[in-house]
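> So that we are looking at the same thing, I have put the structure below in structure tokens.
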Amino acid sequence: MQTSTGTLSKRRRIFWLVPLIALALPLLTNPYTQFIANAMLIYTLVTLGFSVVIGNLGQLAFANTAFFGIGAYASAIASTNLGLPWLATVPLAGLAGAFGGFLASAAALRGIRLYYLAIVTMAFGELMRWFYTHTGVLTGGTDGLPVSRERDFGLALTSDTVQFYVFLIITCLLVAGTVNLLRSRIGRAIIAVRENEIATASLGIPTSQIIVTAFMWSGFIVGIAGAMFALHTGRVFPESFGLTQLIVNFAMVLVGGLGSVAGAVLGAVALTALPEYVRAFPGMEEIFFGVIVMVVLLVMPKGLASLLARVSPIFQQRYHRD
Amino acid sequence: MKFKPKKLGLLVGLALAATGSAAADETTGLTDDSIKIGVMGPFSGNASSYSKAEIGLMAFYQMINDEGGINGRKIVAVQEDTGCDPAKALAAAKKLIHQDEVFMLHGNSCSGAAVAIKPEIVDAGLPWIVAHAVSDTISVPPVENIFHGVPTGNTNGEAMAAFVLSKPDTKKVAIVEHSNDWAHSYSNPARAYLKGHGIEPVAELVMERGQTDATAQVLKLRQANPDFIIGALYEAETAIFLRDMKKYGLDTPVMGTAGTDLENTLKRVGDLDTVKNYFVLHPYVDNLDGPLMKKWADMIHKYYPDEELTNFSYISIGSGVALVEALKAAGPDLTRSKVMAELDKIENLDTGILSSTITWSPEEHRGAKSSAVAGFVDGQPTVLKAWNTPY
Amino acid sequence: MFLQLTLSGVSQGAIYALIALSLTVVYRSTTIVSFGHGDFVMAGAFLTYVLVVAIGIAFLPASLIAIVAMFLLGVAFSRGLIGPIRGGPHVGLALMSISFGFTLRGIARTVWGREVLPMPRVFDIDPIFIGSVVITGDALFIISIVAVLLVVFFTVLHFTDIGKMVQAVYQSERGARLIGIDVERFHNFSWGLGAALGAVAGVLIAPISLLHPDLGASFLIKGFAAMTLGGFGSLAGAVLGGLLLGVAEQYSGAYIDTTLIDITAYLLIIAVLLIRPRGLFGRKVVVKV
């Protein structure tokens, strides 16, 4: 068992081929497809962060959109009001998102679970949106808040291609970080909390700290994704962080495969691409989206990642219960 | 070891970025017999009632094509959905510019989406006629390639406030609106105009989208006892608000936006007594069911027989008329620069549909500078210039 | 003003109560919260509209047909879409109901997409004036229908054999199975009942508000807030929570600021969490580790 997982994790190095191949992508794109590819990277992080909480930690917490918005606004506010270059706002957005994660974890620590937690965290997200709308001095209110795309440290961030490489680096770092976190002692404790919280606590593992850590890490990466989104659209609006965004994020996690890193990537890529393919049928998007998600839930409950796992065992997630 | 590929990526990225993209082509999207025009609108989502504007514009294009096109070219419209969402609109704009390679853009409801895509379009340099979104920031300060073909927020807000003040002895004005950019684009200029005339609103209330009850708002208004109410509310909420005013016996006149119209509001509310004190911005030459508008209604119904017509249906057509003028004037050897130059020459153009003429110049790209008001006079929707003064 | 606000709040709150009750009916029997419930409400209203306006049936029979149709849709949803993934994680169940609701909304939008439809006035009862307080026909209609429904519902639940059976399943599904109750059928029935009650709310709200595909979305949140306030899973609590939410919205709007009306529900959810997580009538929902 030990050795086989050992060779498996060595073989997992093969995953570094994915970003390597992606390096060549801009050769094939026009600015439109590049823009969509950039969105895929952003949503990879959004999905991954969400998946850590609802997949790995197993908490039905819907504060993901809140983290996303907090990160985007932190970046835009730092850019507009403090005049910071965008790259400098990225860590701030991550920290702000992590703080959001901390607040959301407080609900879980109150002993709230399942749907009740879902509703409470959803309320958190909607209250944040109200805040963006009604504190115009800070957030620009409904007019939105621009993000400066001035040259950062020699990078021409106005270019979608440059954005792509910057996003690719950030995404790779955070995906690698998440994989390492999940494989660590903390990661195993996160899974243990999902499987049996009381038993985990009885082993002397501080479950509260584990829950807070998972939420904060989720908030951190989704917050950074928010900063990327702010740069990507050039202007942040409260409406971008509403319930529709939440539903889309949620679907990405499930379609990709709950609690799976590869699934998060697949889900984000698939559901970012989907609306672009159904552009030809305006107004039908909701139906397409709804039906596709229902079909995936019925015929492929473990998501797209389970297809990969069938092809090759290296896609098996060690920390995913089968 | 692990980070090597990324460094490599950075280098490749910088190298690619340095080469830059090709300069905008003057004749992209043209063939000998077609002009490709991108039409963006909110065809999905909760603001999709706006996309009636783009439907009206599409009908207008088809009419032009049926009449033989312009200088031998027919208009090929590529519709793209923005869902009224900035990120989606940005993707739509990039698709139209870089993938469909349209000659120009025309359309756009939703100010937020239009503001978000503006930098992209400024960079791309192709002509864009904004045919529904009203925010002044889209065309002020003027950019070479962006033209506003509808009365903008400032014009609208001032027209609303001016009408309110034209009622004798208007001293107290209240505002009730949604918390969104659409409502603010009307209410903020109206506030500024009122302030310029020494009037501060006696009450500023919010009624959010989706609310099915306006009791709290109406009771507060009853206490404030205004002479006139400015209401920047969507169709459904307007109807609910007016009903609740009637319910609680408040018969203060209400000044609404161009987002609603009298005919459909009456239909939604159900009785004339409830809407008799409701006024709307009315940017057209005639009542929606008046003789001068019939030709346009027939045109839309010819191509879209099932389309229910509202105020939105007609709003983009005026800028379509102006565009056709400019395309004709630019001659058969069309280029983007020529079209923009011809658009800049349009002066006092009577579009036969907008009550305001259209004038563009290099210094001013907000083409339509006035809007009328409509209200019920003797139970009939009537276009008005001022309080009790028919147009 | 206070009385008027209270009255209007109760009338709105009656709708919220009905939605919260329909959510709780599903939740108590299946342990699933239906995130697509707002769209059931919308679909009930739309069906009634189609029957009244397009086919020309009178309002009362039309609404009954719509409610029955929504019951069947609820059963079909439970059998066809929830049943197969019942054993799976709750996230999947939540997303299933969201997606189904999304699809309903999409259908409504492709058919009526760009219109805001008025429902023909049903009961033009003249408003009643008591002093300065106005009681409109709509309010009277809503409050009385909801009151009758609630009386019937709780009578059946507490004083009939069927009600006792339902309570037995609520207490222990395994126990119910042992004494020969078909729990799957009971689940399907509960989804049907939930959808039908949601449809009643839609039918009641339609003549007051106007019809558009996004009608249901805001009601779902109100239903959630009412459930939370009343105590998650408590039937009576859901009703009381709905009424309190309706009234709280009016007070906060009139006495504090109208921008608060829309977030009263969210503020209540957070306040309940901070002050009394189990709500007014909730059983213990808190996990202690």
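The values are calculated or read from the model by the stated rules, or taken from the named source; none is laboratory data. Computed from a predicted structure; not experimentally measured. Heads up, the Cβs are rebuilt from the backbone with ideal geometry, glycines too, and the neighbour counts pull from every protein chain shown. Quick note on the areas: whole protein, heavy atoms, side chains included, nothing else; ligands and nucleic acids left out. Shrake-Rupley method; radii C 1.70, N 1.55, O 1.52, S 1.80 Å.
> Give the calculated FRET efficiency between B:S370 and A:L82 to the nearest 0.05, with a Förster radius of 60 Å applied to their Cβ-Cβ distance. Please report the intermediate quantities before stating the final value.
Numbers: r = 42 Å, r/R0 = 0.70.
Efficiency computed from Cβ-Cβ geometry: 0.90.
> Also: Give me the one-decimal nm value for the distance between modelled label points at C:L274 and B:Y391, 7 Å along each residue's Cα-to-Cβ direction.
5.2 nm
> Take the Cβ-Cβ distance between B:V377 and B:T137 as r, set R0 to 41 Å, and report the resulting FRET efficiency rounded to the nearest 0.05. Intermediate values should be presented prior to the final figure.
Numbers: r = 36 Å, r/R0 = 0.88.
The value I calculate is 0.70.
> Also, I was wondering about something else. In Å², and per residue, what accessible area does the protein assembly as shown have when probed at 1.4 Å with the other protein chains present? Please list the in-between numbers first.
Numbers: 36670 Å² over 1002 residues.
About 37 Å² of surface per residue is accessible.
> Normalised by the number of residues in chain B, what is the relative contact order in percent for Cα pairs under 8 Å and 6+ residues apart?
Details: 799 pairs, mean separation 67.9, N = 391.
Dividing the mean separation by the residue count of chain B yields 17 percent.
> From the square roots a ≥ b ≥ c of the eigenvalues of the alpha-carbon gyration tensor of segment C:14-215, which class results: rounded (a/c under 1.5), prolate (a/b over b/c), or oblate?
Working: a/c = 2.31, a/b = 1.40, b/c = 1.65.
In terms of gyration-tensor shape, oblate.
> Also, quick follow-up: Assign unit charges at the C-beta atoms only (+1 for Lys and Arg, -1 for Asp and Glu), then state the dipole size of chain A relative to its Cα centre in Debye, rounded to the nearest 20. All intermediate terms of the calculation are to be shown ahead of the outcome.
On the way: 19 positive and 12 negative charges, 232 e Å.
The calculation lands at about 1120 debye.
> Taking only DSSP H segments of four or more residues, each worth -39500 (n - 2.57), what value at 222 nm results for chain B once the sum is divided by all its residues, to the nearest 500 deg cm²/dmol? Intermediate results must be reported in sequence, preceding the final value.
Working: 13 runs with 156 residues, N = 391.
The helix-only estimate for chain B comes to -12500 deg cm²/dmol at 222 nm.
> Further question on the same structure: Put +1 on the Cβ of every Lys and Arg and -1 on every Asp and Glu Cβ in the protein assembly as shown; which of A:S306, A:V293, B:Y50 then has its Cα farthest towards the positive end of the dipole?
Checking the options against the dipole of the protein assembly as shown, the answer is A:S306.
> OK, next. Which one, A:A63, A:V46, A:L23, is farthest towards the positive end of the dipole of segment A:2-242 when Lys and Arg carry +1 and Asp and Glu -1 on their Cβ?
So the residue we want is A:L23.
> Considering the options C:G56, C:A43, C:L149, tell which one lies farthest towards the positive end of the dipole of segment C:14-215, charges being +1 on Lys and Arg and -1 on Asp and Glu at the Cβ, about the Cα centre.
C:A43
> For the protein assembly as shown, what is the charge dipole size about the Cα centre, in debye to the nearest 20, if Lys and Arg each add +1 at the Cβ and Asp and Glu each add -1 at the Cβ? Display every interim value, and only then the final one.
Values: 72 positive and 73 negative charges, 984 e Å.
Its charge dipole is roughly 4720 debye.
> Shifting gears a bit: Please identify the chymotrypsin sites (Phe, Trp or Tyr not before Pro) of segment A:79-161 that satisfy two criteria: DSSP loop assignment and at most 16 other Cβ atoms within 10 Å. Which are they?
Details: sites: A:W86, A:F99, A:F102, A:Y115, A:Y116, A:F124, A:W130, A:F131, A:Y132, A:F153; in loops: A:F153.
Sparse-neighbourhood loop chymotrypsin sites (Phe, Trp or Tyr not before Pro): A:F153.
> Calculate the FRET efficiency for C:V152 and A:N196 from the Cβ-Cβ distance with a Förster distance of 35 Å, rounded to the nearest 0.05. Could the numbers behind the result be given before it?
Details: r = 43 Å, r/R0 = 1.22.
Result of the calculation: an efficiency of 0.25.
> 7 Å from Cα along Cα→Cβ at both C:D257 and C:D126: what's the point-to-point distance in nm?
Taking the two extended label points, one gets 4.2 nm.
> Testing the spin-label approximation: label points 7 Å from Cα along Cα→Cβ at C:F159 and B:L272. State their distance in nm.
5.2 nm
> OK, next. So if a site counts as exposed when it's one of the trypsin sites (Lys or Arg not before Pro), its DSSP state isn't H, G, I, E or B, and it has at most 14 other Cβ atoms within 10 Å, what's the longest stretch of chain A without one? Write down the numbers at each step before the final one.
Working: sites that count: A:R151, A:R318, A:R321.
Here the longest run is A:152-317.
> My understanding is that a pair violates if its Cα-Cα distance is over 28 Å; which of B:K195/B:K294; B:K220/B:K385; B:K95/B:K302; B:K171/B:K276; B:K74/B:K369; B:K247/B:K294 do that in this structure?
Working: B:K195/B:K294 39 Å; B:K220/B:K385 30 Å; B:K95/B:K302 30 Å; B:K171/B:K276 21 Å; B:K74/B:K369 30 Å; B:K247/B:K294 35 Å.
In this structure, B:K195/B:K294; B:K220/B:K385; B:K95/B:K302; B:K74/B:K369; B:K247/B:K294 exceed 28 Å between Cα atoms.
> DSSP beta bridges in chain B, what fraction antiparallel, as a percent rounded to 5?
Numbers: 18 of 52 bridges.
Of those bridges, close to 35 percent are antiparallel.
> Output the lone cysteines of the protein assembly as shown: those with no second cysteine's C-beta under 4.7 Å from their C-beta.
Cys with no partner Cβ under 4.7 Å: A:C172.
> Still on this model: Taking trypsin sites (Lys or Arg not before Pro) as candidate sites, keep only those in a DSSP loop with at most 15 other Cβ atoms within 10 Å, then name the longest stretch of chain C containing none of them. Write out the running numbers ahead of the final one.
Values: sites that count: C:R86, C:R121, C:R283, C:K284, C:K288.
That would be C:122-282.
> Which whole number of Å³ per residue matches the convex hull of the alpha-carbon atoms in the protein assembly as shown?
Details: hull volume 166.6 nm³, N = 1002.
Roughly 166 Å³ of hull volume per residue.
> With the full set of protein chains in place, find how many percent of the accessible area of segment C:14-215 is carbon and sulfur; take the probe as 1.4 Å. Mind showing how you got there, number by number?
Values: 5350 of 7890 Å².
Carbon and sulfur atoms account for 68 percent of the accessible area of segment C:14-215.
> Return a whole-number percent for the relative contact order of chain A, with Cα pairs under 8 Å and 6 or more residues apart as the contact set. The partial results should precede the final answer.
Details: 507 pairs, mean separation 98.5, N = 322.
31 percent.
> One-quarter of the Cα convex hull surface for segment B:184-240, in nm²?
On the way: hull surface 16.3 nm².
Mean projected area for segment B:184-240: 4.1 nm², to one decimal.
> In chain B, which longest range has no GluC sites (Glu not before Pro) that are both DSSP loop (not H, G, I, E or B) and surrounded by at most 11 other Cβ atoms within 10 Å? Spell out each step's value before the answer.
Working: sites that count: B:E67, B:E347, B:E363.
After excluding every exposed loop site, the longest remaining stretch is B:68-346.
> To continue, here is another question. Quick one: compute the contact order of chain C, relative version, from alpha carbon pairs under 8 angstrom and 6+ residues apart, as a percent. Walk me through the numbers on the way to the answer.
Details: 454 pairs, mean separation 105.4, N = 289.
This gives 36 percent for chain C.
> Report the charge-dipole magnitude of segment B:58-149 in Debye, nearest 20, computed about the Cα centre from +1 at each Lys and Arg Cβ and -1 at each Asp and Glu Cβ. Mind showing how you got there, number by number?
Working: 6 positive and 11 negative charges, 8 e Å.
Here the size comes out at about 40 debye.
> Then there's this: Taking only Cα atoms, what is the 0 to 90° angle, nearest 10, from helix B:111-124's long axis to the longest principal axis of chain B?
In chain B, helix B:111-124 runs at an angle near 20 degrees to the longest axis.
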